[in-house]
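The block underneath contains the structure these notes are about, expressed in structure tokens.
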Amino acid sequence: MSTTDLLADLETIGRTPGGGYTRLAWDPATMALREWFAGQAAALGLEVTEDGNGNQIAWWGTGPDALLVGSHLDSVPEGGPLDGPLGVASALAAVAGLKASGWTPSRPLGVVNFTDEEGGRFGIACLGSRLATGAIDPAIALALRDDSGTTLAEVMQAQGRDPRAAGPSAWLADVSSYVELHVEQGRWLAPHDAPVGVASAIWPHGRYRFDFCGEGNHAGATAMADRHDPMLAYAATVLAARDLATATDQRATLGRVRVEPGSTNSIPSRVTAWLDARAFDHVALTTMVAGIRARAEAAAASDGTTVGFTAESESDAVTFDPALRHRLAALLDAPVLATGAGHDAGILAARVPTAMLFVRNPTGVSHAPQESAEPEDIEAGTVALSKVIEELA
Ligand code: GLV
Ligand code: MN
Ligand code: MN
């Protein structure tokens, strides 16, 4: 059972006409992926469990001091094939290879499929791992709504889960380290001629919502001087995000926008837009976001419109456990690199020593259908993860 063969099983699940994947938490695609995960794990003789948040863990042995490996199977809308599934499939393939070789772990080993890492449906990233570790209040999480207005509680109930079980997970007390393998996001390993790297840190990041409100009116009959068009402050905010992030070599993105009523011949009454911002450290992040917000407010005021601001989620900077990172980098003779992307490993790192392995991405593209890795690099990543499991378990 190779990682590439396992990934081939998933090729049609959640596939979109544009060649990407839309696999949002609890949708038919992720439900099919959950079944696939349970089936593969059972075939390996692992005991499959699911916590009250929907996180699946397949156990080889039980009890304290466990090593957890894995990732997530959900995607962003129109995402690529590897962000998430590579970490789950390589963990299953590594276990299969180790079992076939006759090796047995000296401590319990779990393969995890975290629920809703991308936050593509309810807006908050790493919801499954945040709930499991107590990083978010379950009452807040269960009240989150998707674009159709359905709450997470209703969605879980519709899938036969009891939302009252959501919240801190008992398995966490048994886990003493977590290792997540992931496709590289960005292009650092290719010029350094390395198929696999070890993560040092994750930048702090946040997701923020702007609610621009104005006055709907007729696109032909309303003179330009008489308008209160919220689209203009939105446009100024997009440019402010570009300017401030560029000036400081940080990241700011407005990748999601909703216009109401959304009619070609009407001035909008409301524009809702989401900012994703990432920076070197917490101070830099809050300074950049405050600057973008100030430009949004100034633009709205000059147009006679208003803007509301809500921080939907913020994640602190993560420095992965230095001892574990050095040990794995030496074991694998692999370079160490930082990442601008978020991961469940960043959430787990606040509770247990955690490490990440990255597999070279020749183009660096991620969160898009072109995301890729060469089969030889996927194999090298799987071999690296097997070595890590042998070393730690
Ligand atoms: C997840 O991949 C993120 O960085 O948003
Ligand atoms: Mn992602
Ligand atoms: Mn991911």
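Return yes or no: is A350 modelled with pLDDT of 95 or more, under 24 Å from Q250 (Cβ atoms) and part of a strand (DSSP E or B)? Considered against the rule, which asks whether it is modelled with pLDDT of 95 or more, under 24 Å from Q250 (Cβ atoms) and part of a strand (DSSP E or B), A350 comes out as no. Quick test for you: out of D27, D65, pick the one residue that is more than 18 Å from the chain's Cα centre (by Cα) and surrounded by fewer than 24 Cβ atoms within 10 Å (Cβ to Cβ). Going through D27, D65 in turn, the sole match is D65. Contact map, region 66-92: residues that are part of a helix (DSSP H, G or I) paired with residues that are within 9 Å of ligand 3 (Cβ to nearest atom), Cβ distance under 6 Å, separation 6+ or inter-chain. Pairs shown: L86/V183; G87/S71; G87/E180; G87/H182; V88/S71. Among the conditions (1) among the acidic types (D, E); (2) surrounded by 22 or more Cβ atoms within 10 Å (Cβ to Cβ); (3) in a helix (DSSP H, G or I), the only one that E154 does not satisfy is (2).
Residue pairs whose Cβ atoms lie under 9 Å apart, sitting 6 or more positions apart in sequence or on different chains, and linking a residue in region 319-345 that is closer than 25 Å to G206 by Cα and part of a loop (DSSP other than H, G, I, E, B) to a partner that is within 16 Å of ligand 1 (Cβ to nearest atom) and basic (K, R), are G340/R251; G340/R278; A341/R278; G342/R278.
Between V76, V69, V88, which is more than 11 Å from ligand 3 (Cβ to nearest atom), of a type in the set (A, V, I, L, M, F, W, C) and modelled with pLDDT of 95 or more? When all the criteria are applied, what remains is V69. Pairs are defined by a Cβ separation below 8 Å, a sequence spacing of at least 6 or placement on different chains, a first member in region 116-139 that is under 16 Å from A311 (Cα atoms), and a second member that is in a helix (DSSP H, G or I) and more than 16 Å from ligand 2 (Cβ to nearest atom); the pairs so defined are F122/A141; F122/L152; I124/A141; L127/A141; L127/L152.
Strands (runs of 3 or more DSSP E) fully within region 167-224 that include at least 2 residues being of a type in the set (S, T, Y) and in contact with a helix residue (DSSP H, G or I) (Cβ under 8 Å, 6 or more places away or on another chain): 175-183.
Exactly one residue out of G255, G262 is within 30 Å of L348 (Cβ to Cβ) and either within 16 Å of ligand 1 (Cβ to nearest atom) or surrounded by fewer than 18 Cβ atoms within 10 Å (Cβ to Cβ) (or both), and it is G255. Among the residues of region 154-175, are any in the same structural domain as A299 (by TED's automatic domain parsing), away from ligand 2 (no atom under 16 Å from the Cβ), in contact (Cβ under 8 Å) with a residue 60 or more places away in the chain and among the aromatic types (F, W, Y)? Within region 154-175 (the criterion being in the same structural domain as A299 (by TED's automatic domain parsing), away from ligand 2 (no atom under 16 Å from the Cβ), in contact (Cβ under 8 Å) with a residue 60 or more places away in the chain and among the aromatic types (F, W, Y)), the answer is no, since none of the residues qualifies. Could you check region 284-306 and list, in sequence order, the residues that are acidic (D, E) and more than 13 Å from F210 (Cβ to Cβ)? D303, the sole residue that qualifies.
The values are calculated or read from the model by the stated rules, or taken from the named source; none is laboratory data. Here the structure is a predicted model, which is why all the values come from computation and not from measurement. Positions of Cβ are generated from backbone atoms using ideal geometry, with glycine treated the same way; all protein chains shown enter the neighbour counts.
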